[in-house]
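Nothing in this text is a laboratory measurement; each read-out follows from the coordinates by a stated rule. Every value quoted in this text rests on a predicted model; they were computed, and no experiment measured them. Glycine gets a Cβ as well: all are built from the backbone with ideal geometry, and neighbour counts include every protein chain shown.
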């Protein structure tokens, strides 16, 4: 049986995709900085960890 669009299951799936893409993008930026392709004065490691932690907390914050 197909679920209707906008159901909690489809919303969770979209959120998971969004979070996965965001984490991949941050990881790509962090890697580019580490290999010298991007020069910044901001350390990406702590920012990535903070963003991942925040994304893990979002489902509980929305309730």
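Each of the peptides 25-32, 47-54 was scored by the mean count of other Cβ atoms within 10 Å over its residues; in descending order, highest first, they stand as 25-32, 47-54. Annotation: for a label point projected 7 angstrom from Cα along Cα→Cβ of residue 12, residues of the stretch 21-63 with backbone N closer than 17 Å are 56-63.
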